[in-house]
Amino acid sequence: MSATPPVIAARHKGFNRAEIVDRNFTEFVERWQGEAGPVPREGEPVLPGSGLDARGFRELLESQLISRQLDLMARVLRVENKVFYTIGSSGHEGNAMVARLTRHTDPAFLHYRSGAFMGERFRKLPGMDPVMDSALSFAASREDPASGGRHKVWGSRPLWVLPQTSTIASHLPKALGTAIAIEQARRIGHPLPVPADSIVVCSFGDASSNHATAQAAFNAAAWTAYQKLPAPVLFVCEDNGIGISVKTPEGWVANNFRHRPDLDYFFADGLDLAGGYAPVQRAVEHCRATRRPTFLHLKTTRVMGHAGTDFEIEWRSIEELVAVEAADPLLRSAAIALESGLYTKAALLDLYEATRARCFAAAAEAGRRPRLTTLEEVMAPLAPYSPAAVKAEATRADYAARRLAAFGGEDRLPEKQPPRHLAIQINQALHDVLAKYPESLLFGEDVAQKGGVYTVTRGLHKAFRGSRVFNTLLDETTILGLAQGYANMGLLPIPEIQYLAYFHNACDQIRGEAASLQFFSNGQYRNPLVMRIAALGYQRGFGGHFHNDNSIAALRDIPGLVVGCPSRGDDAVAMLRTLMALAKVDGRVCAFLEPIALYMTKDLHEPGDGAWQFPYPPPEQAMEPGEGRVYAPAAGDLVVFTFGNGVPMALRAARTLEAELGWQVRVVDLRWLAPLNDAFIAGQARTARRILVLDEGRRSAGVGEGVITAIVEAGLGATPLARVAGADTYTPLAGAAFLVLPGEAEVVVAARGLA
C-alpha cells in the first residue's frame with residue numbers, strides 16, 4: 001500500500017506532529033481514488049485472500065479508531081492539565097488483532113501501547129465502555145475502574161488484563177509464571193479461575209526485548225519447553241523499530257528470535273489488518289493447541305513520538321518523520337475500508353469524527369468526576385490488613401488428618417518433640433503450612449531432593465511430591481516471576497531465595513511488580529506470596545559478601561511489603577503461620593528473613609547449655625504482625641532494641657553488663673522489620689533509663705534509623721541513646737568479617753558510654 005503523500009504543511013517544522021497525523025487520515029480518505037470492489041458479506045473475507053472477514057474488519061477498525069482518538073485527545077487536553085499521561089498507542093493499532101483472536105479469560109500483561117487491544121477486548125463482555133473507562137484513567141479519576149486514579153494503566157478485572165505501569169519488560173517473568181501456573185494448578189487439583197485451555201498474552205516492545213528481565217523470561221520459557229513441560233505463553237513483540245530515540249538494528253528481532261529452540265516464532269504485519277490477521281491467528285492457535293511458549297513478532301510503527309513531551313522534530317529529520325507517518329496503519333485500514341466497499345469516503349470520515357467526539361465527550365465527563373484527595377484514599381489498597389480474619393486464619397487448625405500424614409503419625413508431631421533449633425523448627429513449620437494449605441507450593445534452587453543448602457527444606461519433597469515442592473532453574477528473577485504467576489492463578493507460593501544478596505538480582509520483581517499490584521489495580525488483583533530468604537551475617541567469616549549480606553534497607557523500602565525476621569525457632573513457626581495468613585486473607589506480599597548463622601545454633605551462653613532451643617508451638621498458636629518479644633520486661637536500666645542475630649548477642653552482652661555495672665537489662669526483639677511497630681517501640685522506650693539500638697544492618701541504611709525515629713517522634717529523644725550498627729561496607733572473608741559486623745564487645749562498650 002502506498003499512502004497518499006502527506007500535505008505540504010507536514011514538511012514544515014513548526015507544525016504539531018499530532019495535528020499532521022490527524023490531518024493525514026482525513027486527507028488520505030478525501031484524496032483516495034481507488035476502485036471499490038463488491039461489498040463482502042459479514043462472513044466473507046474483507047479483501048480477496050484475507051483471513052479476516054468483513055465483520056471482523058469493521059470491529060477492528062472501530063477499535064483502532066478509538067485508540068487513535070484517545071491518543072489525540074490526550075495530546076490536546078494535556079496542555080489544559082486535564083490529562084496526565086500521553087504515552088500513546090499510535091502505530092501499534094494492529095495489536096487489536098491479538099485481542100480479537102484471544103479470549104477475555106486469557107490473562108493479559110500488556111505493553112503500554114495497547115489502546116487498540118483494550119478497545120477490542122472490551123467487545124468480549126457486554127455493557128463495557130472502553131472509551132469512558134480509558135478517559136477516567138487518563139484523567140486520574142478515582143472512578144477509574146482499572147487503578148482508581150493511581151496511574152494510567154491498561155487493566156480490567158472482568159477482562160483479565162492485569163494492570164501494568166510503564167514497565168521495561170519486568171512483567172514478562174510473571175506472565176510466564178502465570179502460564180506455567182495454569183498447568184501446575186491442574187496437576188495438583190487446584191480449581192483455576194480461568195478455563196484450563198487458557199493461554200497468557202504478554203506484549204512488549206522491540207527495545208524491551210533486549211532487557212535482562214525479558215531475556216530471563218525467554219530463557220526460562222525455553223528451559224521449560226525443553227523439558228516438555230507446558231508453558232502456554234504468547235510473547236507478542238510489537239516491533240516499531242525504536243526505543244524512545246534508540247533505533248533497533250534492522251532485522252535484529254527476527255534474527256534474534258526466529259531460530260531459538262523451544263520458542264516458536266511467528267511473524268505478522270501489524271500494519272495491515274487484511275494481511276496480518278491470518279498469521280496472528282496461526283500463532284494464537286499454535287500456542288493454545290501445543291501449550292508451548294510462542295513468540296509473535298508483530299510489525300508496528302510509532303507515530304507522534306514516544307509521548308507528548310517527545311518532540312521528535314528536534315532529533316529526527318523531517319524526511320524520516322514524514323516516511324514514518326506515511327506508514328501509519330490507520331491509512332492502510334482506511335484503504336481496506338474503501339477498497340472493500342464496506343465504507344464510502346463520507347461514512348468513513350463520519351466514523352472518524354464521531355469517534356473523536358465520543359472520546360472528547362468522555363474526557364469532559366471524566367474531568368468532572370472526583371479525584372483522589374486524601375492520603376488515606378491513595379494508600380487504601382496498598383497494604384490491606386484484616387486483623388481478626390488474619391488471626392483466625394493463622395490459628396486455624398482444622399487440618400489434623402493432613403498434619404498426621406505430613407509428619408507420619410501422632411507421636412511424630414513436632415509439638416511432641418523436645419525443644420529444637422531454628423532450622424529444624426522452620427522445617428517443621430513448612431511441613432505444617434504445606435499440609436494446611438493444599439494450594440501452597442514451595443520452590444527455588446536446591447529445595448527439593450537436596451533439601452536446601454542448609455537442609456531447611458529436607459523431607460518436604462518426599463512428603464509433598466514434586467508437583468508441590470520442586471527445584472527451579474538458577475535465576476531469582478524467574479523464581480519470583482513464577483511466584484507471582486502462581487498467585488495470579490489462586491495458588492499460595494512460598495519461593496526461596498538462597499541468599500539475601502541474590503535477592504538484589506531480582507528486586508524489581510517484588511518492588512515494581514508483586515508489591516505494586518494491589519495498589520495499581522485498586523485492590524482488584526492480588527498476588528499473595530511468602531518469600532523465604534536465607535539472610536544476614538555472622539557465618540564465622542565463611543562465604544564473604546554474597547553469603548553474609550545485611551542489606552535490609554532494600555526490603556524495608558518496598559511499599560506494602562511485610563518483612564519478618566525471627567531469632568529463634570518457636571518465633572519462626574508462629575511468624576510463618578501469620579505470614580501465610582496475611583497472604584491468604586489479605587493478599588499480602590511477605591518476606592521471611594531466616595538468619596543463617598542461627599539456623600543450627602543450640603546454645604546461648606555456654607557450649608552445651610541448649611538455651612537457644614525451644615518447643616514447637618501447637619498449630620493454634622500464632623502472633624500478630626508487629627508483635628515483639630521482650631526479655632526481662634521489668635528491667636529498665638538499659639533497653640536494647642534489636643532483631644535476628646542481635647538478640648542472642650544482646651542477651652550475652654546483658655549478662656556482662658549486669659555483672660559489671662549492676663544494671664538490669666531488657667532486650668527487645670522487634671521480630672517484624674517492616675512495617676515497624678512504632679507504638680510498641682515507644683512503649684518499651686518510655687520506661688527505659690537508657691536505650692541502645694543494636695542493628696546488624698549497615699549504619700547508613702538498616703533498621704536502627706526507623707527505631708530511633710519512632711523513639712524521637714514519641715517525644716522520648718531526651719533519653720540517653722546509642723546505636724551499634726554494621727559498617728558501610730561489604731562483608732569480607734574470614735575473621736575480617738567481624739570487623740564489619742557488630743559484636744558483643746561493641747555492645748558492652750556502647751552501653752558503658754551511656755553509664
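The values are calculated or read from the model by the stated rules, or taken from the named source; none is laboratory data. Since we're looking at a predicted model, the values are computed, not measured. Here Cβ is always computed from backbone atoms with ideal geometry, including for glycine, and neighbour counts include all displayed protein chains.
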### Query
So, of the residues in region 153-177 that are farther than 11 Å from Ser516 by Cβ and of a type in the set (Gly, Ala, Ser), which turns out to be surrounded by the fewest Cβ atoms within 10 Å (Cβ to Cβ)?
Ser166
### Query
Just one of Pro48, Pro107, Pro38 is farther than 30 Å from Ala217 by Cβ and touching a residue at least 12 places away in the same chain (Cβ under 8 Å); which is it?
Pro38
### Task
Would you point out which residue out of Thr301, Thr355 is among the polar types (S, T, N, Q) and outside any helix (DSSP H, G or I)?
Thr301
### Query
Applying the selection to region 579-589, what residues are touching a strand residue (DSSP E or B) at 6+ places or on another chain (Cβ under 8 Å) and surrounded by fewer than 24 Cβ atoms within 10 Å (Cβ to Cβ)?
Lys584
### Task
Would you tally the residues in region 623-652 being surrounded by 24 or more Cβ atoms within 10 Å (Cβ to Cβ) and of a type in the set (A, V, I, L, M)?
6
### Task
Return a yes/no flag: does region 39-60 have any residue that is over 30 Å from Ala307 (Cα atoms), in the same structural domain as Arg369 (by TED's automatic domain parsing), at pLDDT below 95 and buried (at least 18 other Cβ atoms within 10 Å of the Cβ).
yes
### Summary
Of the conditions (1) free of Cβ contacts under 8 Å to residues at least 60 places away in the same chain; (2) surrounded by 13 or more Cβ atoms within 10 Å (Cβ to Cβ), the single one that Gly753 does not satisfy is (2)
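The rows are residues; the columns are (1) in contact with a Cys (Cβ under 9 Å, 6 or more places away or on another chain); (2) modelled with pLDDT of 95 or more; (3) of a type in the set (S, T, N, Q); (4) assigned by TED's automatic domain parsing to the domain that holds Ser137.
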position: Gly490; (1), (2), (3), (4): no, yes, no, no
position: Tyr502; (1), (2), (3), (4): no, no, no, no
position: Cys507; (1), (2), (3), (4): no, no, no, no
position: Pro528; (1), (2), (3), (4): yes, yes, no, no
position: Gly537; (1), (2), (3), (4): no, no, no, no
position: Asp549; (1), (2), (3), (4): no, no, no, no
## Note on the structure
Residues of region 276-304 being of a type in the set (A, V, I, L, M, F, W, C), in contact with a strand residue (DSSP E or B) (Cβ under 8 Å, 6 or more places away or on another chain) and modelled with pLDDT under 95, in sequence order, are none
### Task
Might you check whether a residue that is among the small types (Gly, Ala, Ser) and crowded, with 23+ Cβ neighbours inside 10 Å occurs anywhere in region 187-201?
no
### Message
When the residues of region 419-437 are narrowed to those that are more than 24 Å from the chain's Cα centre (by Cα) and assigned to a loop (DSSP other than H, G, I, E, B), which ends up farthest from Ala397 (Cα to Cα)?
### Response
His421
### Hits in region 523-552 (condition: touching a Gly at 6+ places or on another chain (Cβ under 6 Å) and surrounded by fewer than 22 Cβ atoms within 10 Å (Cβ to Cβ))
Arg526, Gly541
### Message
Looking at (1) under 23 Å from Pro742 (Cα atoms); (2) of a type in the set (Gly, Ala, Ser); (3) without any contact (Cβ under 8 Å) to a residue 40 or more places away in the chain, which one does Gly564 not meet, given that it meets all the others?
### Response
(3)
### Every pair of residues 6+ apart whose Cβ atoms lie under 9 Å, when the first sits in region 364-379 and is within 11 Å of Ala135 (Cα to Cα) while the second is of a type in the set (Lys, Arg)
Ala364/Lys82; Ala366/Lys82; Gly367/Lys82; Arg369/Arg142
### Task
Evaluate region 101-111: report whether one residue or more is within 23 Å of the chain's Cα centre (by Cα), under 23 Å from Asp328 (Cβ atoms) and assigned by TED's automatic domain parsing to the domain that holds Arg302.
yes
### Query
Hey, among the residues in region 713-739 that are outside any loop (DSSP other than H, G, I, E, B) and in contact (Cβ under 8 Å) with a residue 40 or more places away in the chain, which one's surrounded by the most Cβ atoms within 10 Å (Cβ to Cβ)?
Gly726
### Query
How about region 276-306: which of its residues are of a type in the set (Lys, Arg), surrounded by fewer than 22 Cβ atoms within 10 Å (Cβ to Cβ) and within 18 Å of Phe117 (Cβ to Cβ)?
Arg288
### Task
Might you let me know whether region 84-99 holds any residue that is of a type in the set (Asp, Glu), surrounded by 20 or more Cβ atoms within 10 Å (Cβ to Cβ) and in contact with a Phe, Trp or Tyr (Cβ under 8 Å, 6 or more places away or on another chain)?
no
### Query
Could we say that Ala146 is over 22 Å from Val324 (Cα atoms) and assigned by TED's automatic domain parsing to the domain that holds Gly241 here?
yes
### Those residues of region 28-78 which are acidic (Asp, Glu), assigned to a helix (DSSP H, G or I) and over 38 Å from the mean Cα position of the chain (by Cα), in sequence order
Glu30
### Task
Taking only region 453-476 into account, find how many residues are crowded, with 24+ Cβ neighbours inside 10 Å and among the polar types (S, T, N, Q).
1
### Task
Kindly establish whether His171 is farther than 23 Å from Ala366 by Cβ, in contact (Cβ under 8 Å) with a residue 12 or more places away in the chain and not hydrophobic (A, V, I, L, M, F, W, C).
yes
### Output for region 335-372, where each listed residue is more than 21 Å from Ser137 (Cα to Cα), among the polar types (S, T, N, Q) and buried (at least 16 other Cβ atoms within 10 Å of the Cβ)
Ser340
### Task
Scan region 114-141 for residues that are in a helix (DSSP H, G or I) and either of a type in the set (Ser, Thr, Tyr) or not assigned by TED's automatic domain parsing to the domain that holds Arg68 (or both) and jot them down.
Ser134, Ser137
